[in-house]
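Remarks on the structure that follows.
The values are calculated or read from the model by the stated rules, or taken from the named source; none is laboratory data. Predicted model, so just to flag it, every value in this text is computed and none were measured. Please note that ligands, DNA and RNA were not included when accessible areas were found on the heavy atoms of the full protein model with its side chains. Shrake-Rupley method; radii C 1.70, N 1.55, O 1.52, S 1.80 Å.
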Amino acid sequence: MTTTIAITGKSGNGKTTIAKSMLYNLRLKYPEKSFLVVDNDLTTEFGFTFGKEVRETVYGIRSGKHEYKTGIPSKMTRQEYVEWAMEDIILKKTQTF
């Protein structure tokens, strides 16, 4: 079963703080589960909270600033490109918080 939770609101009202607390508590309650967190904040504060150095972002992919470990495969559709690039920046499950 998959559950999606979105935390929205205007700037400065505590969304990141709530999301960090929620993720921390969910990981304590469900240590066997995997969680995908997408943060739209360009400051990358969310990753730093959990001791992760965030070098690559979705913004980097969209703006062309992402540096790929390998060359970009030729003849990709835009959707294939985005999926391929996202796989390149996602923190793997073996990386713990």
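Sorting ILE7, ILE61, ILE18, ILE89 on solvent-accessible area from highest to lowest, probe radius 1.4 Å, gives ILE18, ILE7, ILE89, ILE61. Sorting ARG27, ARG55 on solvent-accessible area from highest to lowest, probe radius 1.4 Å, gives ARG55, ARG27. Rounded to two decimals, the Cα radius of gyration of the range 1-53 over 2.2 N^0.38 Å is 1.17.
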